[in-house]
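The values are calculated or read from the model by the stated rules, or taken from the named source; none is laboratory data. No experiment lies behind these values; they were computed from the predicted model shown. Backbone-built Cβ (ideal geometry, glycine too); neighbour counts: all protein chains shown.
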Amino acid sequence: MKLSRRPLSLCLCLILLTSLTTLPGGDASLWADSHEKPTAKDWMRYPAISPDGKQIAFSFRGDLWLVDAAGGRARHLTTHDLYERSPVWSPDGKQIAFASDRHGNFDVFLMSASGGKAQRLTYHSAADTPTAFTPDGKEILFTSYRLDAPQAVIGTRRMGELYKIGVEGGRPRQVLTTTAEYANYNPDSTKLLFHDYKGTEDPWRKHHTSSITRDVWTVDAETGKYTRLTSYEGEDRNPVWNADGSRFYYLSEEKSGSFNVWTMDPANPDGRTQVTEHETHPVRFLTVADDGTLCYGYNGEIWTKRPGQEPKQVEIEALADERSNDYTYNTRSGGASYMAVSPNEEEIAFILRGEVYVTSVEFDTTRRITSTPEQERTVTWGKDNRTLYYDGERNGSWNLYQAVIALEDDDSFANAAIVTETPLLETADETFQPVASPDGKKLAYLKNRYEIMVLDLETKKSQSLIPARKNHSYADGDISYAWSPDSRWLTATYHGHRIWTPEVAAVKLATGDIVNVTESGYAEGGPMFSSNGKVLLYVSSRYGLRAHGGFGGAQGDIFGLYLNQDAYDEAVLSKAELALKKKREKKRKEKEKDKDKKKDSEAAPVAETDESTVPQKATPDDAGAPPAEGDHHEDDEDEDDEDEDDEKDDEDEDDEKDDDEKDDDEDDEDDEDDEKDDDEKDDDEDDEDDEDDDEKKSKDDKDEKDEDKDKVEPIKFELEDRENRLRRLTLMSASVGGYDLSPDGEHLLYAAKIDDKWSLWVVKLRDRSTTKAMSLGGWTGHIEFTKDGKSAFMLQGGSIKKLSVGGALGGGSASAKPVTFRAEQEIDEDRERAYIFEHIWRQTLRKFYDPEMHGVDWAAMKANYEQFLPTITNNYDFRELLSEMLGELNASHTGARYFGRHGTGDATASLGMLYDVEHDGVGLKIAEIIKRGPADRADSEIRAGHIITHIDGDQLAVDVNPWRLLNRKSGKPVRLTLHDPVKDREYHEIIRPTSQSGEANLLYERWIETRRELCEKVSGGKIGYVHVRGMDDASFRRVYSEVLGRNNDKQALIVDTRYNGGGWLHERLTTFLDGELYCYFLPRGHQRGDLGGEPIDKWTKPVAVVQNEGNYSDAHFFPWAFKTKKIGKLVGAPVPGTSTAVWWEGQIDPSLVFGIPQVGITTLDGRYLENFQLEPDVLVLNDAESMAAGEDKQLVKAVEVLLEETQAEKK
C-alpha cells in the first residue's frame, strides 16, 4: 500500500552503535573508520551446466562466460555493451540460448557454444526469457507476457504465458496460456515440468510461507492434464528433469527454511528427499547434466555436486578489462531537484543528482560546490550571500555542512576561486533538511526524521522545537517548515492530535510554545509566512474534491491566516477603501516627519549671524499650513468624512503650491549667499573641512539607509480569535504545487492542476479574481517572488526559470526565461553504487516497520552482500544484489527495481485482436475482435475467422515473425491484407494499432464484461457483479457507480478483488458495502420502497468478496477488514499477508528505486497483518487447467453462496 502524501514545495560503512548500544537487527557500526572493507567476491549468476557436464555457462559483469566444470580461467562468450543472462544449453551442447536487453527489452538470442555472433529470435517488447530447448533441439521454450488464448483471457498482464520458437526463428507458438516458469520437457516430450506463478511478489524474497509461493507441476503434453507435485506451503521452484526423466530436482525451502536442492520421483511425491544442506543464503539457478551432475548458484558463487559426492564450489578466474572509464563526464542543463535563491537574488543554489551547484541568474556560469559519491539533498543560503548550508549523507549518517567563499575579493559562488567546506553538525543522529533563518543566525533542521530542531550558528547549540512524538515522516522531505521574516517564529507541518492527519503549527522560539494554527481535521501542509510578515499561508484539503483512495483530499486550496486584526482588516478592504486609507496614512507620516524636523530645528544651537543675510527655513505655518493648534488633532483627522477630506485635498494643493514658490525664493537667496560666501572664503583649510563634513554626512546617510533596509519589524501574531482571520485565497480547488504571496500581499501566484493540465495562476486577493498566467509542462514544486514583486523564480520539470509577472498581476500573461546552467558531472558509478547500497541498508534499518528486523541479523547481511560490490558493473546485477539482501527480511513491498532503458527501445504495437493459437498455417488467424479496439469499427470488414496474410505488404509466411512488423507502429496507419476463407477473397484495411498498455486496458474491460455475463447467467440475473481494479480513487468511483447504478436492483452483490495490486481504500470500501437500511422515503403518491431510504449512498443487501492469491497489499487489508466487520463471506483462495504501507524511494541514480514496508498494521490485540494469511470462508481454487479452459470456479461458487443466502433471507 502506498499512502498518499502532499506534493512537496520543495563510502561504504556500517551503521554502528551509539555509546556501544545495540540497534535493532544486530550490531552495526556508526563510523566508517571502524569498518574494515571486505575482500571482494565475484557476483556470478545464472549458471547452466552443459549436457555432457564438462562446461558451465554463467552471467558475470553483464556478459555470458564459459568455464570448465572443474573450474579455472573463464572465457567470454558475449561482449555486447548490454546485459545478458539466463543461458540454456541445446541437447547436443553446441548452442546456447540466452536473454539480452539489446533492444530495450529482454529477447531470446541464440549463439554457438564456441562463441561468435548471436542471432536474435524474438521481436516483442514484452520480456522474453528462455527456459529450455525441446528434447529434439529444434525449438526453445520461453516465458513472456503477451496474449492469452481467447477463452482464457484474464484482466491482468502480471500473469505470463509459455511459448516456443524455432532455432531458426519464425513465428512463436503458445504452449500454455497459463503461467509456467522454468519449464522443460522430459526426454520423450510427453510431460512438461515447471513451477507456477500465482501473483505479484518480488522474485528474490525468501523464507515466506503463503498461498502465493510457487509449486511444481507437470502437464501431460497430449491430454493437457495438470498435476501438482509439491504441496509445501513455502517455495518449491526451478524444477529440472534428470537424464532419463525418472526423477526431477528442484529448489525448496522445506525443513531448512532456506533454498536447497531436493529430488522427487513424480510418481511418489511423498518420497522427496533433500540433496544439499546450505545455510543462511539461498541456492539459485539449478541445472543438471546428463551424468547427474548438479550445478547451481549459492551466494554469488557457482557450485556443483556430482552423484555420490559432496557439493563443491567451482573456483573460477574471470579476467576482464573494464568496459568503460572509471567515471562518466557530462554537462547537464536540466534535472535540478531542489533550488534556493540567494538573498541578493543574483545566484541560485540547486541540487542535481545529489550534488550542490550554484549558478548565476544572469549568466550560465555554474560552480559545483560538492563532489561526493554520497548525496546532498537540501541547500539554503546564509544572509551574507557568501555562505551555503546543506545536508549530506556521509560517514554513516546524515550531517549538516557549511560552504563559504574563501577569498574576500570573490563576491559570488559562481565565480569563486576557492570554496571551503566544513562540517557544521556531524553526529550519530540523522540531521538533514536545513533552512536558514532570514537574520542568518539560526538553522532549522530535522533530527532523526521526526524532530524539528533549531541550531544557533554562533553557539552551535541546538534547541528542540517540535518533538519527535508530534511528527512522522513517511518519506524524507515530507515534513516542511519555514521561518517568519523576523526569524522569531517557525511554522511547520506536524501531528497536533493523535491521528495521522498533518496539521500546521507555529512555534515562537523565545518561549518554545507550539500553536496548532489549523485544527480543522483536514490534511494541511506546505506552510510559509508571507514576506511582509502579515500572513501565514498553507494548503488545505478542506474544500477540495475528496479522494476515496488515500489520506486527505485529492484537491487542495491555499489558505491565508492573517496574523493580526490590522492585517486582516486591511486585507478585506475594497480598492476604494484601501486607496483612501493609504492616502490618509501618507498624510499622517508627512505630518510626523514635519514635526520631527521642527523639533530638530528647535533643539539645534543657533549661530550668531546677520539675519538679513542668512536665509530662514520655512516652517509649515509659513507655507500656509493649518494653525499650530491643528498639530494637536492629528488623530481626529482619521475620523473626518470624505467631504471634509476633499476640502483638505484642495487646501493641500494650495499648500504645495505655496511651498514650491517659497522654496524657489529660498533657492535664489541661497545661490546669492553662496556666491558671496565663496568670494569671501579664501582659506583652503575651511574648504577641506567642508568636504570632510560632506563625505561624513554622505556615509552616515548611507549607513542609516542600509540599517533601515536590513531592519525587519517583529511580526505581530495575535493568537486570540485567529480562526476568524482565516481566508480561502484560491477560488478553485485543485492539485496545488508551489506558491507564493507577492511582497505587497496583494497577489497570490501558484501552480495548480486543473482539468488535468498544470498551469500558473494569479489571484488578486482584493477581489479574488483569478486568471491563468501561463501553461506549465507539469508539476511545479517551487515558486518564489523577487523582492520587488515584478518577477518570480520557479523550479519546474528540473529546469529553473525566472518569470516576468508584471503583466500577469494586472490580469495578463506571464513569460518565462530559463535560468541557464551548465552543471558538470563526473559520475563514478562504482562509488555511487557503493553509496546507494549503504544508503538502502541504513534506510531500511531506520524505517523498516519491525524494529526487530523480522529477527534477521541485518549487520551480518550487509557484511555478506557488500563484498560483491566491487565486481558489479551494471544495474541489473545491482538490482538483484539489493533484492537478495532485502529479500532476507521475508517482507512484502520490498526489493529493488531498475527502470533503465537505453536509446529507443522496441515497442510492439497491438492490432486489438485475439488470435487462434492452434493455427499453424500462413498468417495470423483472428479469433476475436476486441471491443473498442483499433479493429472494432462500424465500417470494418474484419471478422473472426479471417486471416491476416500481410502487414504493410510483408507476407506473414510461417517463418516470419509478425511482431517484428509491428514495431513502433502504435498510432500509425498500418495496411493489413486479409483473407476471408468463407468467401475465398482477399481485401485490405488500414487501421491504427494501439500500444501494449492500451491493449492491456482493452483486455481488462473484456474480462470484466465476461465475468459480469457469467454472473448474470449463473444467477439468473439476480446477483450483481463489480470488480475492484485497484485500491484507489478511480476504482472506487467506478465501483460506486456500478453498484448503485446498474446493480441497484439486484438481490445481492459480488465484489471481485482478484489480481488487485493494492493502494489505500479498505475503510471507504468496507463502509460503502456495510450499509443497513433503517428507514424509507415515502412521499405522497408512492409506495414504500419506491424511492428507497437511508442510507442512500451505501449497499444494504447481501454481499460476498471474491479473492485469490494475486491479491496484494491493500487488497489483503480490504478483505480482512470485510471479514473482521462481518459484512459478508469471502470466497476463493487464501490471500497472502501483505498489509503494510510502503515507500518506494528513488535513488540519486534515477533508474533505481527500492521499497521499505515502513508502516505495519496490527489487530487490536497487537498481531501484525504482514505474513498473516487471510483464509476465505469458502475455499475454492481456480486451478490452471480449468482456467485454461475458460472456467471460473471461484465466481460460480460466489454466486451459489449468495443465492443460498438470499433464499434463506426470504424464508
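Numbers at a glance
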quantity	calculated
Test result for G1020, in the same structural domain as T1206 (by TED's automatic domain parsing) and either modelled with pLDDT under 95 or more than 38 Å from the chain's Cα centre (by Cα) (or both)	yes
Residues within the range 61-92 that are part of a loop (DSSP other than H, G, I, E, B) and either on the phi < 0 side of the Ramachandran plot or surrounded by fewer than 18 Cβ atoms within 10 Å (Cβ to Cβ) (or both), tallied	14
Unmet criterion (only one of (1) small (G, A, S); (2) surrounded by fewer than 18 Cβ atoms within 10 Å (Cβ to Cβ); (3) outside the structural domain of K787 (by TED's automatic domain parsing)) for A834	(2)
Any hit, the range 155-170, residues being of a type in the set (D, E) and touching a Gly at 6+ places or on another chain (Cβ under 8 Å)	no
Filter pass, E986 being farther than 30 Å from A1141 by Cα and part of a helix (DSSP H, G or I)	no
Those residues of the range 1183-1211 which are among the basic types (K, R) and farther than 14 Å from Y1025 by Cβ, in sequence order	K1193, K1210, K1211
Qualifying residue in the range 1001-1024 (condition: hydrophobic (A, V, I, L, M, F, W, C) and over 27 Å from K1101 (Cα atoms))	yes
Output for the range 375-397, where each listed residue is more than 14 Å from E355 (Cα to Cα) and of a type outside the set (D, E)	W381, G382, K383, N385, R386, T387, N395, G396, S397
F133 being more than 29 Å from A909 (Cβ to Cβ) and surrounded by 21 or more Cβ atoms within 10 Å (Cβ to Cβ)	yes
Of all residues making up the range 101-119, the number that are over 22 Å from V240 (Cβ atoms) and out of contact with any Leu (no Cβ under 8 Å at 6 or more places or on another chain)	7
Unique residue being closer than 24 Å to V917 by Cα, of a type outside the set (D, E, K, R) and assigned to a strand (DSSP E or B) when the list is F142, F58, F98	F142
Residues of the range 923-978 classified as within 23 Å of T904 (Cα to Cα) and not in a strand (DSSP E or B), total	13
Strands (runs of 3 or more DSSP E) within the range 440-491 that include 1 or more residues not assigned by TED's automatic domain parsing to the domain that holds G533	none
All positions within the range 767-777 that are surrounded by 13 or more Cβ atoms within 10 Å (Cβ to Cβ) and within 14 Å of D755 (Cα to Cα)	K772, L776
Among (1) in contact with a Pro (Cβ under 9 Å, 6 or more places away or on another chain); (2) of a type in the set (D, E); (3) outside any loop (DSSP other than H, G, I, E, B); (4) farther than 24 Å from W398 by Cα - the single one E832 does not satisfy	(4)
Enumerated strands (runs of 3 or more DSSP E) restricted to the range 283-338, each holding at least 1 residues that are modelled with pLDDT under 95 and of a type in the set (S, T, Y)	328-332
Conditions (1) touching a Gly at 6+ places or on another chain (Cβ under 7 Å); (2) assigned to a strand (DSSP E or B): number failed by W1007	(2)
Residue within the range 988-1004 that is in contact with a His (Cβ under 8 Å, 6 or more places away or on another chain), closer than 29 Å to E1200 by Cα and buried (at least 20 other Cβ atoms within 10 Å of the Cβ) present	no
Selected residue [farther than 28 Å from Y1112 by Cβ, of a type in the set (A, V, I, L, M, F, W, C) and at pLDDT 95 or above] from L889, L911	L911
Residue list for the range 388-402, filter: touching a helix residue (DSSP H, G or I) at 6+ places or on another chain (Cβ under 8 Å) and either hydrophobic (A, V, I, L, M, F, W, C) or over 15 Å from Q843 (Cβ atoms) (or both)	N395
Residue in the range 1127-1144 that is of a type in the set (D, E, K, R) and over 30 Å from I351 (Cα atoms) present	yes
Residue check, E784 touching a strand residue (DSSP E or B) at 6+ places or on another chain (Cβ under 6 Å), at pLDDT below 95 and not in a loop (DSSP other than H, G, I, E, B)	no
Residue list for the range 1046-1080, filter: farther than 17 Å from G1024 by Cα and out of contact with any Lys or Arg (no Cβ under 9 Å at 6 or more places or on another chain)	L1065, H1066, E1067, R1068, Y1078, C1079
